[in-house]
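Student: Got a structure here, written out as structure tokens. Questions coming.
The values are calculated or read from the model by the stated rules, or taken from the named source; none is laboratory data. Note that the coordinates shown come from a computational prediction; the quantities given were computed from them, not determined experimentally. Cβ placement follows ideal geometry from the backbone for every residue including glycine, while neighbour counts extend to all protein chains displayed.
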Amino acid sequence: MKEIKNLFCHGSSLSAGGGLYDTHIKEQYKKLYDIEWQNEKDVTYAKYISDHFNLNLIHKAECGSGSPRLIRETYNFINKVGISEAKKTLFLFEITDPIHRIDMYCKDIHDHIIVNVRYDGKSDGSLSDLSIVHSYSPNQRKYENERFTGDIELHIENYLENFHDPIIYTDKIKNELIGLFLFLEKINVKFYYMFDTLTLKNPSYLYNELDEKHMVIIEKDVYSSNHFCHKNKLTIKDDLNGFADDTHPGYFGYKKFSEILIKFLDDRVFSV
């Protein structure tokens with residue numbers, strides 16, 4: 001399809017090159033394989049796909065990001081460029097559960113921040129861990145992580161403890177996600193999605209028709225780059241022979257996964 005000229009990719013660390021920004025990991029890839037990169041997003045599946053089809057890449061995936069940020073930034077992009085330009089864009093989403101990934105606006109920096117939470121081992125549902133960053137990646141970071149400790153961290157913790165429920169929040173994002181997909185269908189843009197877990201696809205009947213047209217088909221029980229790289233032993237840990245415990249998709253995993261997506265998109269979009 002000659003009218004497609006942009007690729008808008010959104011997701012979490014599974015799409016953003018999580019772990020591949022680490023200096024020691026990059027040094028080990030150089031030592032073992034004589035390969036190197038500056039920006040981890042340059043060795044992700046989105047970059048390989050955009051290069052293959054000669055598309056302008058809008059790579060919005062971020063480590064720690066989840067569905068709430070994906071929904072907000074997709075609408076923001078369409079509002080910014082307009083529907084005509086959106087129709088020239090291929091949207092590719094890798095969707096993770098929102099329960100640990102909260103999208104919040106910070107007045108101190110006049111921008112959104114990534115708020116990651118954990119509830120492990122807390123029978124009363126209270127927080128066990130809280131992490132606040134503008135970006136985990138040194139290549140994408142505008143503000144140092146220390147800026148969000150102290151008062152900002154205390155304010156957010158107080159808000160979450162008193163005005164946030166992870167289950168209710170997840171249900172809210174389920175509704176917003178299906179609303180986004182139906183909107184994209186309504187304006188007739190090309191979009192495809194991969195769910196890392198199927199929590200947000202409940203109730204599943206809502207996705208019966210959507211999946212036929214918009215779900216990336218990889219192989220049985222493999223829905224995302226994460227599943228693919230774990231199944232085929234192509235994580236960072238596998239690539240580096242246990243040098244690091246990082247199980248994010250590795251350099252070679254992204255390359256192999258991109259080959260599958262390129263074939264899928266060529267059949268579904270560019271050869272039609």
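Student: Pick from the stretch 24-54 the residues that are closer than 16 Å to PHE93 by Cβ and of a type in the set (A, V, I, L, M, F, W, C): which of them is surrounded by the fewest Cβ atoms within 10 Å (Cβ to Cβ)?
Tutor: ILE49
So that you can scan it fast, the table gives a plain yes or no per residue for (1) at pLDDT 95 or above; (2) in contact with a Leu (Cβ under 8 Å, 6 or more places away or on another chain); (3) among the acidic types (Asp, Glu):
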| position | (1), (2), (3) |
| --- | --- |
| ILE113 | yes, no, no |
| ASP124 | no, no, yes |
| ASP129 | no, no, yes |
| ILE132 | yes, no, no |
| ASN139 | no, no, no |
| ASN145 | no, no, no |
| GLU153 | yes, yes, yes |
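Student: Exactly one of these conditions fails for ASP120: (1) farther than 28 Å from TYR45 by Cβ; (2) loosely packed, with under 13 Cβ neighbours inside 10 Å; (3) out of contact with any Ser or Thr (no Cβ under 8 Å at 6 or more places or on another chain). Give me its number.
Tutor: Answer for ASP120: the failing condition is (3).
Student: Given the condition of a type in the set (A, V, I, L, M, F, W, C), part of a helix (DSSP H, G or I) and within 20 Å of the chain's Cα centre (by Cα), answer yes or no: does some residue in the stretch 160-169 qualify?
Tutor: Let us first name the residues in the stretch 160-169 that are of a type in the set (A, V, I, L, M, F, W, C), namely 160, 163, 167-168.
Then keep just the ones that are part of a helix (DSSP H, G or I); that gives 160, 163, 167-168.
Now drop any that are not within 20 Å of the chain's Cα centre (by Cα), which leaves none.
No: the stretch 160-169 contains no residue that is of a type in the set (A, V, I, L, M, F, W, C), part of a helix (DSSP H, G or I) and within 20 Å of the chain's Cα centre (by Cα).
Student: Here's something else I'd like to know. Have a look at GLU94, GLU73 and point out the one that is within 30 Å of ASP165 (Cβ to Cβ), in contact (Cβ under 8 Å) with a residue 60 or more places away in the chain and surrounded by fewer than 23 Cβ atoms within 10 Å (Cβ to Cβ).
Tutor: It is GLU73.
Student: How about the stretch 170-272: which helices (runs of 4 or more DSSP H) wholly inside it have at least 3 residues that are assigned by TED's automatic domain parsing to the domain that holds ILE25 and within 26 Å of ASN54 (Cα to Cα)? Spell out the reasoning first.
Tutor: On the way: elements: 208-214, 225-231, 236-239, 251-265.
By residue number, 225-231, 251-265.
Student: Which count do you get for residues in the stretch 232-263 that are touching a strand residue (DSSP E or B) at 6+ places or on another chain (Cβ under 8 Å) and surrounded by fewer than 20 Cβ atoms within 10 Å (Cβ to Cβ)?
Tutor: Count: 2.
Student: Continuing with this model, one more query. Kindly indicate whether any position in the stretch 141-148 is over 27 Å from GLU219 (Cβ atoms), touching a strand residue (DSSP E or B) at 6+ places or on another chain (Cβ under 6 Å) and either in contact (Cβ under 8 Å) with a residue 24 or more places away in the chain or acidic (Asp, Glu) (or both). Before the answer, list the steps.
Tutor: First, the residues of the stretch 141-148 that are over 27 Å from GLU219 (Cβ atoms): 141-148.
Filter once more, keeping what is touching a strand residue (DSSP E or B) at 6+ places or on another chain (Cβ under 6 Å): 145, 148.
Of the ones still in play, those that are also either in contact (Cβ under 8 Å) with a residue 24 or more places away in the chain or acidic (Asp, Glu) (or both) are 148.
Yes: one or more hits.
Student: Test ALA61 against the stated conditions and say whether it is in contact (Cβ under 8 Å) with a residue 40 or more places away in the chain, touching a Gly at 6+ places or on another chain (Cβ under 8 Å) and aliphatic (A, V, I, L, M). Please lay out each step first, then the result.
Tutor: Values: in contact (Cβ under 8 Å) with a residue 40 or more places away in the chain: yes; touching a Gly at 6+ places or on another chain (Cβ under 8 Å): yes; aliphatic (A, V, I, L, M): yes.
Yes, satisfied.
Student: Another question about this same structure. Identify all residues within the stretch 13-67 that are polar (S, T, N, Q), out of contact with any Phe, Trp or Tyr (no Cβ under 6 Å at 6 or more places or on another chain) and closer than 15 Å to GLY253 by Cβ; write none if there are none.
Tutor: Result: SER13, SER15.
Student: Of all the residues that make up the stretch 37-88, how many are polar (S, T, N, Q), assigned to a loop (DSSP other than H, G, I, E, B) and within 22 Å of LEU200 (Cα to Cα)?
Tutor: 1
Student: Out of ILE152, ILE132, ILE102, report the one residue that is more than 21 Å from GLY11 (Cα to Cα) and either in contact (Cβ under 8 Å) with a residue 12 or more places away in the chain or part of a loop (DSSP other than H, G, I, E, B) (or both).
Tutor: Checking each option against the conditions leaves just ILE152.
Student: Which one is nearest to SER137 (Cα to Cα), of the residues in the stretch 1-21 that are in contact (Cβ under 8 Å) with a residue 12 or more places away in the chain and surrounded by fewer than 17 Cβ atoms within 10 Å (Cβ to Cβ)?
Tutor: Filtering the stretch 1-21 for residues in contact (Cβ under 8 Å) with a residue 12 or more places away in the chain gives 1, 3-21.
Okay, now just the ones that are also surrounded by fewer than 17 Cβ atoms within 10 Å (Cβ to Cβ), so 1, 3, 5.
Values: MET1: 34, GLU3: 33, LYS5: 27 Å.
Among those that are in contact (Cβ under 8 Å) with a residue 12 or more places away in the chain and surrounded by fewer than 17 Cβ atoms within 10 Å (Cβ to Cβ), it is LYS5.
Student: Hey, any hits in the stretch 204-221 for a residue that's closer than 23 Å to GLU40 by Cα and of a type in the set (S, T, N, Q)?
Tutor: Looking through the stretch 204-221, none of the residues is closer than 23 Å to GLU40 by Cα and of a type in the set (S, T, N, Q).
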